[in-house]
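This report refers to the structure that appears directly beneath it.
Values quoted throughout were computed directly from the atomic coordinates according to the rules given, and no laboratory measurement underlies them. Only a predicted model underlies this, so the values are computations on that prediction, with no experimental measurement involved. Neighbour counts run over all protein chains shown; Cβ positions are idealised from the backbone, glycine included.
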Amino acid sequence: MSDTPLEPENTQGDLTQFEREERSGPTADTFRSLHELIDYVSGKSLLQLPQEDSGLAEPLPFPFLAIVGQREMKLALMLGLVNPNLGGILLIGPRGTAKTTAVRSLLDLLPQVERSTCHYGCLPEDVETGGIAAICPDCARKYAAGEPLTTSDRARLVELPLNSRLEDVVGGINERAAVEHERMRIRRGILAQADRNLLYIDEVNMLADEIVDAILDAAAQGLYTVRRGPVSATYRARFLLIGSMNPEEGHLRPQILDRFGLRVIVQGLEKQTERLEAYRRVQAYQANPRQMIAQFADEIEAASEEIQAARQRLREVTIPDNVAKPAIKLVQKMGIDSLRAEITWFEAARAHAAADGGTEVTSEDLKTVAPMALRLRRSPFMTEYIHNQQGEEEELDSLLKTLGKKSRKKNSSALQK
Ligand SMILES: [Zn+2]
């Protein structure tokens with residue numbers, strides 16, 4: 001990677017001038033909420049800077065906040081960073097709608113997480129739940145001495161390669177360790193590596209069913225167990241799952257669709273001004289990624305701090321009964337059976353309230369996140385199934401009436417036939 005330093009006269013200097021001349025609205029540190037920040041940045045027009053090829057070989061992520069439009073996608077991803085327990089995010093849309101770009105650009109916004117420094121992944125909470133025997137001897141010694149078992153680290157983005165095998169995903173026998181130590185060891189899979197991180201699956205609808213099932217099970221439980229012959233290992237897998245799919249390239253089983261918390265329909269930009277701005281930004285980024293990143297640096301830092309603060313606040317955010325009950329009624333009215341509907345809806349609304357600086361979920365929070373939490377939940381199959389079933393029940397009921405009252409004799413004679 002090139003170490004070309006930023007040219008102060010081309011970037012920071014211009015940025016200050018830009019702020020002076022172009023900005024009439026709030027500055028990066030005066031946004032009241034993530035919403036305002038997203039709105040402001042989506043409409044921010046680019047500086048006309050001299051474009052020169054920086055010759056970078058390693059791609060830098062496109063700045064998240066530089067993506068034009070796509071408010072719902074950006075909001076869903078932000079909410080996921082605030083509350084990883086909202087059950088995953090599925091981005092549905094055709095090619096070329098910035099789905100993968102948006103996910104990769106989250107790199108700049110990823111929060112700090114506490115990570116175990118031990119190979120076995122020992123954590124202080126293991127001691128709280130399972131006692132000192134629940135951690136390895138080395139960590140037990142550290143724990144007793146009052147030394148930390150974890151270190152603060154930035155969450156990472158783990159991408160699942162499309163050709164992954166089940167063994168890559170969950171882990172398998174470490175052949176080399178098995179030969180060298182005459183003991184079988186299980187190698188950590190991608191799911192274990194994704195613990196406390198983001199796991200991105202592009203084209204999730206193209207993945208084998210057994211792999212999707214393994215990932216969704218691990219995501220739901222926060223851990224998973226691998227058994228290979230006599231050895232087994234349990235790993236933590238608390239991650240935010242983000243999937244993307246192009247419906248033109250294949251369906252996703254309805255039961256899998258239901259297991260994703262938020263579903264975002266990503267469409268191409270409609271307004272001509274937006275499309276033009278998107279084109280300009282992509283062009284500017286390709287010509288000089290560092291310069292482009294520098295133009296959004298202030299806002300990205302502000303957003304990153306807001307996300308971190310919202311994560312802290314999330315624990316205190318509650319949903320009052322008088323807000324929750326009408327919402328559950330609405331879910332029932334829509335004919336949605338899956339309990340995941342309201343779980344996801346409420347968790348997303350809590351994240352929204354936290355990002356907005358609140359400690360109590362309001363109907364407004366619920367309204368904003370409702371489409372992503374509730375769409376594509378109704379199962380046409382189940383509706384039809386239940387409808388047909390009811391018809392059958394009624395038919396059976398009326399036919400049974402024709403049997404008359406002295407049915408015992410008729411029934412028994414029918415059985416003998
Ligand atoms: Zn340990």
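Computed quantities for the displayed model
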{"item": "Length added when fully stretched, Glu248-Asp337, from 0.36 nm per residue minus Cα-Cα", "result": "29.3 nm"}
{"item": "Thr318 paired with Glu167, simple spin-label distance in nm, labels 7 Å along Cα-to-beta-carbon", "result": "5.2"}
{"item": "In nm, spacing of pseudo-spin labels at Ser363 and Arg71 (7 Å Cα→C-beta vector)", "result": "2.1"}
{"item": "Ranked packing of 278-284, 212-218, most packed first, by mean Cβ within 10 Å", "result": "212-218, 278-284"}
{"item": "Euclidean distance of C-alpha centroids, segment 302-361 and segment 123-158, integer Å", "result": "31"}
{"item": "Interchain or long-range residues, amide H under 5 Å from Thr359's placed H", "result": "none"}
{"item": "Efficiency of FRET from Cβ geometry, Glu301 and Lys329, R₀ 35 Å, rounded to 0.05", "result": "0.25"}
{"item": "Rg/Rh ratio calculated on Cα atoms of segment 316-401 (Kirkwood radius)", "result": "1.21"}
{"item": "Around Ser105: net Lys/Arg minus Asp/Glu count, Cβ-Cβ under 12 Å", "result": "+3"}
{"item": "Percent RCO, i.e. relative contact order, over segment 316-401, from Cα pairs under 8 Å lying at least 6 residues apart", "result": "33"}
{"item": "Proxy reagent accessibility, fewest Cβ within 10 Å first, across Cys136, Cys122", "result": "Cys136, Cys122"}
{"item": "Relative packing of peptides 288-299, 138-149 - highest average C-beta neighbours within 10 Å first", "result": "288-299, 138-149"}
{"item": "Sites Thr273 and His35, calculated FRET efficiency, Cβ-Cβ separation with R0 25 Å, nearest 0.05", "result": "0.75"}
